[in-house]
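Presented below is the structure to which this report refers.
Bear in mind that the values in this text are calculations on the coordinates, not laboratory data. Bear in mind that the values here come from a model prediction, so they are computed numbers and not experimental data. All Cβ positions, glycine included, derive from the backbone under ideal geometry; neighbour counts span all protein chains shown.
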Amino acid sequence: MVGIALPDELFRHDYNSGFSKKLNKDLVVATTTDYQAADEATKVRSALALSMLSKAIAQGYRVVAVDGGSEDGWLHEVRALGVDVIPEDSNRQGKHPMGKSRRQALEEAGNCQGAKIIAWIEPEKAGFLMNGKRNPMEYAAFPVHSLECEVAIPRRLDNLASYPLQQALLEIGANLTYQEVLRDRLGEDAPYFDMQFGPRIISRDSLDTFLSYTGELRTPHDKWESIFVPVWDLMLQGRKIFSVPVHYAHPPEQTQLEQADHNYATKRVDQLAALKDALEELLEL
């Protein structure tokens, strides 16, 4: 089975039995940062990123952040937390800086001593490290750590209730679109994955599929595709990918920011078009 949606109760007993301490030794958080502008949106986003990084370090995780040139004062705060900040290498193989920097972050995290699991997290998803008394990242990592799957894709349980309505509809629609396209190859049982959420929990054994992606299919696809195409590739190989339900709330300040700027909606429509094209081109190979 390529994927399965896990019930909320499945891992509760084992998850609460000292799992956090075990995961601290084996999981490395990977992300990318680039906060150069002085506008209000960048201030909000950089503050959220600092919160995410702070939570990860406070919970005992090693964190690798590949940075594209953020403001010096912000970087000083990040380094003071204990984050391993690495300058973006523009000479890496790839077709777009976004894809190249994400692969660099994944590779650096995978090279950390003892790394068995890599958690790719977009920097502003502070709630993925803790949401009330729940820790969505740890919950999503459980089946990867217990070797039940190679990659876990967290699925937001509330159907994006904390997001702007337009964003919620676009992201759910995008996930359904990918599911429909995959049915051509995987059949009617192709599972629903919340690919648009962003985080990926990746086993060390499956990391090479992410790192070997060049950003080139029939045409260049190396922005968001860099963390989508490798997952689809693993699915098509028959590798085990789990959809893991998590309790996640979008930061209210980010919801407010995105509601006020209609450019975000345009970006998501463009994103869906590019990702659908990439998936269809992957299926042609």
**Message:** At 0.36 nm per residue, and after removing the present C-alpha to C-alpha distance, how many nm does the segment from GLU148 to ALA38 gain when stretched out fully?
**Reply:** 35.1 nm
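Given a Förster radius of 25 Å and the C-beta distance between GLN93 and ALA273 as r, what FRET efficiency does 1/(1 + (r/R0)^6) yield to the nearest 0.05? All intermediate terms of the calculation are to be shown ahead of the outcome.
Values: r = 25 Å, r/R0 = 0.99.
For GLN93 and ALA273, the calculated efficiency is 0.50.
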**Item:** Efficiency of FRET between ASP189 and ASP158 - r from beta-carbon atoms, R0 25 angstrom, step 0.05
**Value:** 0.50
**Request:** Based on other C-beta atoms within 10 Å, arrange HIS221, HIS247, HIS145 from fewest to most.
**Result:** HIS247, HIS145, HIS221
**Asked** How much of the DSSP beta bridge set in segment 128-285 is antiparallel, as a percent to the nearest 5?
**Response** 40
**Request:** Please work out, to two decimal places, the log10 of the ratio I(q)/I(0) at q = 0.10 Å⁻¹ from a Debye calculation in which every Cα of the chain carries one identical scatterer.
**Result:** -0.49
**Asked** Evaluated at 4 °C with a viscosity of 1.567 mPa s, what Stokes-Einstein diffusion coefficient in µm²/s does segment 159-285 have when Rh comes from the Kirkwood expression over alpha-carbon pairs?
**Response** 83
**Asked** Do the alpha carbons of any pairs in LYS25/LYS240; LYS240/LYS267; LYS55/LYS267; LYS95/LYS267; LYS125/LYS267 sit beyond 25 Å of each other, and which pairs?
**Response** LYS240/LYS267; LYS55/LYS267
**Message:** Using only DSSP helix segments of four residues or longer, with each worth -39500 (n - 2.57), what per-residue ellipticity at 222 nm results for the chain after dividing by its residue count and rounding to 500?
**Reply:** -15000 deg cm²/dmol
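Which whole-number percent is the relative contact order of the chain (Cα, under 8 Å, 6+ apart)? Don't skip to the answer; put the middle values down first.
Working: 493 pairs, mean separation 72.5, N = 285.
Once divided by the residue count of the chain, the mean separation gives 25 percent.
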**Request:** Mind checking which of GLN166, SER54, GLN179 is farthest towards the positive end of segment 12-284's charge dipole, using Cβ charges of +1 (Lys, Arg) and -1 (Asp, Glu) about the Cα centre?
**Result:** SER54
**Prompt:** So if we plug the beta-carbon distance of SER212 and LEU165 into 1/(1 + (r/R0)^6) with R0 = 30 Å, what FRET efficiency do we get, rounded to 0.05?
**Reply:** 0.20
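Let me make sure I get this right: for segment 45-156, a, b and c are the square roots of the gyration tensor eigenvalues over alpha carbons, sorted descending. Under 1.5 in a/c it's rounded, otherwise prolate if a/b > b/c, else oblate. Which is it? Walk me through the numbers before you get to the answer.
Details: a/c = 1.77, a/b = 1.22, b/c = 1.46.
Oblate is the answer for segment 45-156, as a/c is 1.5 or above yet b/c matches or exceeds a/b.
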**Asked** So in the chain, what percent of DSSP beta bridges are antiparallel if you round to the nearest 5?
**Response** 30
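Quick one: of the DSSP bridges fully inside segment 22-142, what percent are antiparallel, nearest 5? Write down the numbers at each step before the final one.
Numbers: 1 of 15 bridges.
Antiparallel: roughly 5 percent of the beta bridges in segment 22-142.
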**Fill in**
Residues of segment 104-124 with backbone N under 11 Å of the label point set 7 Å from the Cα of ILE86 along Cα→Cβ are 104-113
**Prompt:** Of the listed peptides 197-203, 212-218, what is their order by residue-averaged count of other C-beta atoms within 10 Å, with the highest listed first?
**Reply:** 197-203, 212-218
